[in-house]
Amino acid sequence: MRIIKKADDYWRYNLQRLIQKKYPPQKGGVLVFHEVTDEPDTPMKPDYAIRTDEFTTFIDSLREKKAFFGRFDEEAIKPGKIYITFDDGFKSLLHTAIPVLEKREIQYIVFVPTDYIGKPGYVTKEELSEILGKSNSVIGGHSKSHRRMHGLRLQEIKDEITGSKKELEDIIERPVEYFAYPYGSMNAIGFFSKRAAKNAGYRYAFSTLCVDNRKYKDPFFYPRITVTSNNYKQILEMM
Ligand SMILES: [Zn+2]
């Protein structure tokens with residue numbers, strides 16, 4: 001079984017590299033941020049975090065370029081438009097990225113793993129309702145425990161994907177229609193996850209496959225472009 005898992009990991013890893021090479025991202029797409037913070041030492045830094053001033057510059061430069069920001073509550077995600085998402089539910093978002101987006105009326109999804117709620121650095125239940133009270137926020141599922149799905153048993157995968165949906169819906173008292181796979185790569189999601197996300201009734205399940213969403217648009221493994229301090233200027237040029 002371990003050999004099968006290893007082989008499967010290997011081909012998925014290479015398949016993702018191939019697809020990313022074949023369909024590099026173009027103008028527009030769903031962007032994913034993690035932590036937006038001015039704290040010098042965050043566990044996410046420097047590979048997954050971005051400073052508030054960098055984030056603000058990024059958003060304002062897109063607006064100057066007349067980029068179109070899409071809304072998730074429209075019928076479907078439209079290639080060419082830009083969509084904003086945040087993974088993991090960092091509490092700093094409430095004072096950093098969220099005011100920037102609210103002021104400019106740009107919609108965004110905050111993906112929250114239910115087991116992280118109330119942990120140091122992550123949103124509490126009260127902060128989650130504060131976010132929900134904003135006009136442009138959407139809360140999405142990000143599993144229960146934020147484990148890699150690959151290697152988990154079917155029941156565990158269902159629990160992470162369907163169970164966390166129910167749990168989050170009970171907390172926020174509204175339907176959860178969007179999901180982001182933890183780590184989000186082809187080899188992190190493994191077998192069954194896509195089917196579980198579909199069966200759970202999500203509208204979209206997001207990956208971290210970094211490709212052109214005109215060419216690759218599987219709603220249950222939807223591509224996203226990761227934006228950080230290290231690459232935001234490059235991405236700005238591409239948009
Ligand atoms: Zn995550």
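Suppose we filter 198, 194 for residues that are within 19 Å of the chain's Cα centre (by Cα), surrounded by fewer than 17 Cβ atoms within 10 Å (Cβ to Cβ) and not in a strand (DSSP E or B); which single one remains?
Numbers: 194 fails: surrounded by fewer than 17 Cβ atoms within 10 Å (Cβ to Cβ).
Of 198, 194, the one residue that is within 19 Å of the chain's Cα centre (by Cα), surrounded by fewer than 17 Cβ atoms within 10 Å (Cβ to Cβ) and not in a strand (DSSP E or B) is 198.
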Could you tell me whether the range 170-186 includes any residue that is over 16 Å from residue 116 (Cα atoms), crowded, with 18+ Cβ neighbours inside 10 Å, modelled with pLDDT under 95 and of a type in the set (A, V, I, L, M, F, W, C)?
yes
With 195, 214, 203 as the choices, which residue is in contact with a Pro (Cβ under 6 Å, 6 or more places away or on another chain), among the charged types (D, E, K, R) and more than 15 Å from the ligand (Cβ to nearest atom)?
214
Residue hits (the range 218-239; surrounded by fewer than 15 Cβ atoms within 10 Å (Cβ to Cβ) and touching a Pro at 6+ places or on another chain (Cβ under 8 Å)) are 230, 238
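Matching residues to (1) more than 16 Å from the ligand (Cβ to nearest atom); (2) hydroxyl-bearing (Ser, Thr, Tyr); (3) buried (at least 16 other Cβ atoms within 10 Å of the Cβ):
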site	(1), (2), (3)
69	yes, no, yes
88	no, no, yes
91	no, no, yes
96	yes, yes, yes
123	no, no, yes
129	yes, yes, no
Can you tell me which residue within the range 134-181, out of those that are away from the ligand (no atom under 14 Å from the Cβ) and among the hydroxyl-bearing types (Ser, Thr, Tyr), is farthest from residue 207 (Cα to Cα)?
135
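The values are calculated or read from the model by the stated rules, or taken from the named source; none is laboratory data. Model, not experiment: these values are computed from the prediction. Neighbour counts run over all protein chains shown; Cβ positions are idealised from the backbone, glycine included.
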